[in-house]
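See structure below.
The values are calculated or read from the model by the stated rules, or taken from the named source; none is laboratory data. Since this is a predicted model, take the numbers as computed values, not measurements. Cβ placement follows ideal geometry from the backbone for every residue including glycine, while neighbour counts extend to all protein chains displayed. All accessible areas refer to the heavy atoms of the entire protein, side chains included, with ligands and DNA or RNA removed. Shrake-Rupley method; radii C 1.70, N 1.55, O 1.52, S 1.80 Å.
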Amino acid sequence: MPTHFQRILHGLPVMSEQTYAEFPVWAESTAKPVQFTPMPKKMALKLWHRARDFDRQTHEPGKHGGAIGPSGLQVLHAFLFDFLNYTTGRLDPSYAAIARKANLCERAVADALKRLHGLGIITWIRRCSEQWIDGRYVRKQLTNAYCILPTGWKGYSPPPEMPPLHPSTWGKAPVMPSIHEAAIIEQQTSGDRRSVIRTLELAPAGGIEASLAKLGRAVLAAGK
């Protein structure tokens, strides 16, 4: 039994013999609850495109893939679109589950996770459970709790952000011409009076455009 438990549980006799976990447990594993960070699906999609861009940036001729590599992208894709809970941020699949979704062996998954961690794309917390079984203190290894980091990727140069567009530049919503302007454009392009009059007649009744259309009809009728 760990000595700190013996200090807390004063009613139990002090035992000097070493106890063992039922299964091997990583030394830095924690039994405390893990606080996940929610991630909207829109952000997950943005990170996926960023990872692909990162891999393209670091690709070297004659090599298969870049810094992340094909297996790393497959694991990251499974994280972002198969396992991540966008509402709660929970992300704690087992190696076997990742291998199934990414279509890889568990050894390839382990290598891909190590590579993603080294690049600062993901991090994780090793977890375990603590319980008493038949008077023995037992720790069991649980799946890791993963987190996908949105920034701080080592070796990645994000493209420059596009500056905001000025209202007078490309991207501004086009302004439809008024009926009067449309009639002028029609006169300049076709020169057909009847087409100009039909354009003017699109305006609400009682306006100057409607009056001009009526006058135009009268002029055409007088010219017959």
Quiz item: If you check every pair at least six apart or on different chains, which have Cβ atoms under 9 Å apart with a residue in segment 119-132 that is among the charged types (D, E, K, R) first and a residue that is part of a strand (DSSP E or B) and open to solvent by less than 30 Å² (accessible area, probe 1.4 Å) second?
Solution: Arg126/Ala145; Arg127/Ala145; Glu130/Tyr137; Glu130/Val138
Quiz item: Here are some conditions: (1) open to solvent by less than 100 Å² (accessible area, probe 1.4 Å); (2) at pLDDT below 85. Pro40 meets all but one. Which one does it not meet?
Solution: (2)
Practice problem: Kindly provide the set of residues from segment 143-169 that are at pLDDT 90 or above, hydrophobic (A, V, I, L, M, F, W, C) and open to solvent by 40 Å² or more (accessible area, probe 1.4 Å), ordered by number. | Solution: Cys147, Leu149
Exercise. Kindly indicate whether any position in segment 46-58 is modelled with pLDDT under 95, within 16 Å of Arg115 (Cα to Cα) and β-branched (Val, Ile, Thr).
Key: yes
Self-check item: Long-range neighbours under 9 Å by Cβ, at least six apart or interchain, first residue more than 16 Å from Gly120 (Cα to Cα) within segment 56-79, second surrounded by 15 or more Cβ atoms within 10 Å (Cβ to Cβ) and of a type in the set (S, T, N, Q)
Solution: Gly65/Thr58; Gly65/Ser71
Quiz item: Say we look at segment 104-125 and pick out the residues that are within 22 Å of the chain's Cα centre (by Cα) and over 15 Å from Tyr156 (Cβ atoms); which of these is most open to solvent (accessible area, probe 1.4 Å)?
Solution: Lys114
Quiz item: Which one of these is open to solvent by less than 80 Å² (accessible area, probe 1.4 Å), in contact (Cβ under 8 Å) with a residue 24 or more places away in the chain and over 30 Å from Val25 (Cβ atoms): Ile179, Ile197?
Solution: Ile179
Quiz item: Yes or no: Gly135 over 30 Å from Thr58 (Cβ atoms) and of a type in the set (Gly, Ala, Ser)?
Solution: yes
Quiz prompt | Unmet criterion (only one of (1) open to solvent by less than 40 Å² (accessible area, probe 1.4 Å); (2) assigned to a loop (DSSP other than H, G, I, E, B)) for Arg90 | solution = (1)
Practice problem: State yes or no: is Asp82 of a type in the set (Asp, Glu) and either closer than 19 Å to Thr123 by Cβ or modelled with pLDDT of 95 or more (or both)? | Solution: yes
Practice problem: Answer yes or no: is there a residue in segment 48-66 that is within 13 Å of the chain's Cα centre (by Cα), open to solvent by less than 20 Å² (accessible area, probe 1.4 Å) and closer than 17 Å to Gly152 by Cβ. | Solution: yes
Quiz item: With respect to Phe81, is the statement that it is part of a helix (DSSP H, G or I), open to solvent by 40 Å² or more (accessible area, probe 1.4 Å) and of a type outside the set (A, V, I, L, M) true?
Solution: yes
Quiz prompt | Cβ pairs under 6 Å, 6+ apart, first in segment 153-170 and over 12 Å from Gln57 (Cβ atoms), second assigned to a loop (DSSP other than H, G, I, E, B) and at pLDDT below 65 | solution = Leu165/Gly171
